[in-house]
Amino acid sequence: QVQLVESGGGLVQPGGSLRLSCAASGSIFSINAMGWYRQAPGKERELVASITSGGTTKYADSVKGRFTISRDNAKNTVYLQMNSLKPEDTAVYYCNAATTPGGSWGQGTQVTVSS
């Protein structure tokens, strides 16, 4: 089993930046990929960015060029650097670990983009 704890959310003005962190513990060896999802009220949870065990990254079109996912293997932590934030980025952001077998979710961290 993998346990995930997100942090770094908060209130930021449009155009601002925020960095989210996801610390993983437990069966780290079982993680194949890590991802950041977000869910706004009334909307489905969507994949924002992911990074595989090999370091390959992918981004949703809506955040490409603005968000960057990275990892620090020594700290078992994945980050999401969010720049040029827009009000439509407002959501609860969840960290996910794709594992073999199954997967794990963090508790979520609120990101609010508002002036």
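The values are calculated or read from the model by the stated rules, or taken from the named source; none is laboratory data. In this text the structure is predicted, and so the values were computed from the model without any measurement. Methodologically, a virtual Cβ is constructed for each residue, glycine included, from the backbone with ideal geometry; neighbour enumeration extends over all protein chains shown. Note: areas computed on protein heavy atoms with side chains; ligands, DNA, RNA excluded. Shrake-Rupley method; radii C 1.70, N 1.55, O 1.52, S 1.80 Å.
What to note about this one:
- Consider segment 35-67 and keep the residues that are part of a strand (DSSP E or B) and among the small types (Gly, Ala, Ser). The one that is nearest to LEU18 (Cα to Cα) is ALA49.
- Scanning segment 26-45 for residues that are farther than 14 Å from TRP105 by Cβ, open to solvent by 30 Å² or more (accessible area, probe 1.4 Å) and within 16 Å of the chain's Cα centre (by Cα) gives ASN32, GLU44.
- The residues in segment 68-95 that are outside any loop (DSSP other than H, G, I, E, B), touching a residue at least 12 places away in the same chain (Cβ under 8 Å) and under 13 Å from SER21 (Cα atoms) can be counted, and the count is 14.
- Qualifying residue in segment 96-113 (condition: closer than 15 Å to LEU20 by Cα, open to solvent by less than 40 Å² (accessible area, probe 1.4 Å), touching a residue at least 12 places away in the same chain (Cβ under 8 Å) and more than 15 Å from the chain's Cα centre (by Cα)): yes
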